[in-house]
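The values are calculated or read from the model by the stated rules, or taken from the named source; none is laboratory data. Worth saying up front: this structure is predicted, and the values here are computed from it rather than measured. Neighbour counts run over all protein chains shown; Cβ positions are idealised from the backbone, glycine included. Note: accessible area is taken over every heavy atom of the protein model, side chains too, but ligands, DNA and RNA are not part of it. Shrake-Rupley method; radii C 1.70, N 1.55, O 1.52, S 1.80 Å.
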Amino acid sequence: MDKHFCVGAFCFRLVCERDIDIPENFLLFENPGHNSSELTYHMTIADSFPSVDGTIRARRSDLIVYGTDAGEARLIGIKGQAKPYALYRELYDMEAEIFLAAEAVADLRFDPVFTSLFALERQMIRWDSMILHCAYIKYHGKAILFSAPSETGKSTQAGLWERYRGSETVNGDRALLRKIDGRWIACGWPVCGTSEICHLKDTPIHAVVMLRQGKENHVERLSPVQGFAQLYSQITVNQWNRDFVQRTAELIEDLVVHVPVWQLTCNISENAVRCLETVLFPEDISGRWDLV
């Protein structure tokens, strides 16, 4: 197997000794006509992994990160499972190798399992891009990003906008944020969580909305400092990499200056949509109703 993909500005090549099943969402990013790649991943199906020569920089139940002479290596697992299912290791000359456990091949149909093989967030930051945990909707040609911790209601609010305003949900769980020609853009991402909604679309960002559950609906504009703190908690950050952390902070600082960040306390009703719409699109609702 020999395929080319482009995620955001990062284009890469995946070479494997045999054909494997690639998730449908990831195949949206296949670019067979793009022959120039910034990085080539060499994948091997293996019964065991080679040892890693490096210093442990981070350890979680599903991930061990090593610093190596060539850059970084990762033992990748799944929470609740005793053994890692893959080893990712960077090589010189913009190449990396992936050793995939033979028994894990069938699990590649799951978006997070497959996407985690490539350490994509590490590549995205090199292209000044960030991955935001959010429901990404498109309305009037503009992106609204609903962000919050899991189980707070991102998909619910996205669904309310679809139902009452005819918006389109581009991704129910993630968006790639990029600054293109001086403007922040929401882009598609190959992982969409349990929403199962994943499309490849780039849309100028109109607003980021941080959600909080409440009995009544209320919206307020966050200051850049407040917006930074809330956004940072929902962006994928390699905390063990000082340069990564610093560059992410710089990008968020730029984002909150150029894109309004709102706090929406809300319930599950059309009034929640109206409450937010009155500040995001005041020209659309002028004279149509009084907010409840």
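What the table shows:
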{"quantity": "Filtered chymotrypsin sites (Phe, Trp or Tyr not before Pro), the range 104-162: DSSP coil and at most 13 other beta carbons within 10 Å", "calculated": "Phe110"}
{"quantity": "Computed magnitude of the charge dipole of the chain (debye, nearest 20; Cβ of K, R +1, Cβ of D, E -1)", "calculated": "740"}
{"quantity": "Residue pairs, from the table Lys3/Lys83; Lys3/Lys201; Lys142/Lys179, whose Cα atoms sit over 25 Å apart", "calculated": "Lys3/Lys83"}
{"quantity": "Net length gained if the chain between Tyr92 and Asp62 were fully extended (0.36 nm per residue, minus Cα distance)", "calculated": "8.2 nm"}
{"quantity": "Fully extended contour minus Cα-Cα distance, from Ala46 to Glu30, at 0.36 nm per residue", "calculated": "3.3 nm"}
{"quantity": "Overall Cα dimensions of the range 129-280, principal axis frame, Å, largest first", "calculated": "43, 31, 29"}
{"quantity": "Cα-centre dipole for the range 129-280 with unit charges at Cβ (Lys and Arg positive, Asp and Glu negative), debye to 20", "calculated": "100"}
{"quantity": "Solvent-accessible area of Tyr85 with every protein chain in place, 1.4 Å probe, in Å² to the nearest 10", "calculated": "10"}
{"quantity": "Among Leu120, Asn25, Tyr41 - extreme Cα towards positive end, dipole of the range 2-127, charges at beta-carbon", "calculated": "Leu120"}
{"quantity": "GluC sites (Glu not before Pro) within the range 24-133, DSSP loop, no more than 16 other Cβ atoms inside 10 Å", "calculated": "Glu38"}
{"quantity": "Amide H contacts under 5 Å for Ile78, placed H, 5+ residues apart", "calculated": "Tyr85"}
{"quantity": "J(HN,Hα) series, the range 223-234, from Karplus relation 6.51 cos²θ - 1.76 cosθ + 1.60, nearest Hz, glycine and proline x", "calculated": "5, x, 5, 5, x, 4, 4, 6, 5, 4, 6, 10"}
{"quantity": "Helix-only [θ]222 nm of the chain, DSSP H runs n ≥ 4, -39500 (n - 2.57) each, per residue, nearest 500", "calculated": "-6500 deg cm²/dmol"}
{"quantity": "Rounded, prolate or oblate (a/c below 1.5 giving rounded, otherwise prolate when a/b exceeds b/c) for the range 182-232 by Cα gyration tensor", "calculated": "oblate"}
{"quantity": "Of (i) 37, 19, 18; (ii) 32, 22, 19; (iii) 44, 31, 16, the label for semi-axes √(5λ) of the Cα gyration tensor in Å derived from the coordinates", "calculated": "(i)"}
{"quantity": "Probe 1.4 Å - accessible area at Cys275, Å² to nearest ten", "calculated": "10"}
{"quantity": "Under-5 Å amide H pairs with Ala46, H placed in peptide plane, nonlocal only", "calculated": "Leu100, Ala101, Ala102"}
{"quantity": "Accessible-area composition of the chain, carbon plus sulfur, in percent [1.4 Å probe]", "calculated": "46"}
{"quantity": "Spin-label zone in the range 70-99 - amide nitrogen under 16 Å from a point set 7 Å from the Cα of Phe110 along the C-beta vector", "calculated": "76-87"}
{"quantity": "Free-standing Cys residues across the chain, given no other cysteine C-beta under 4.7 angstrom", "calculated": "Cys16, Cys134, Cys187, Cys266, Cys275"}
{"quantity": "Backbone HN-Hα couplings from phi across the range 162-167 [Karplus 6.51/-1.76/1.60, Hz, Gly and Pro as x]", "calculated": "5, 5, 9, 10, x, 6"}
{"quantity": "Asp93 accessible area, 1.4 Å probe, all protein chains in place, Å² to nearest 10", "calculated": "140"}
{"quantity": "Hz values of 3J(HN,Hα) by residue in the range 50-60 - Karplus curve (6.51, -1.76, 1.60), Gly and Pro given as x", "calculated": "x, 6, 9, 9, x, 9, 5, 9, 8, 9, 10"}
{"quantity": "Kirkwood estimate for the range 161-207, i.e. one over the average of 1/r between Cα atoms, Å", "calculated": "11.3"}
{"quantity": "Reachable lysines from Lys215, criterion Cα separation under 25 angstrom, eight or more residues apart if same chain", "calculated": "Lys154"}
{"quantity": "The range 48-89: trypsin sites (Lys or Arg not before Pro) falling in loop per DSSP and having at most 16 other Cβ within 10 Å", "calculated": "Lys79"}
{"quantity": "For the range 2-127, radius of gyration divided by Kirkwood radius, i.e. Rg to Rh on alpha-carbons", "calculated": "0.93"}
{"quantity": "Amide H within-cut-off set for Ile180, under 5 Å, with H built and near neighbours excluded", "calculated": "Ile185"}
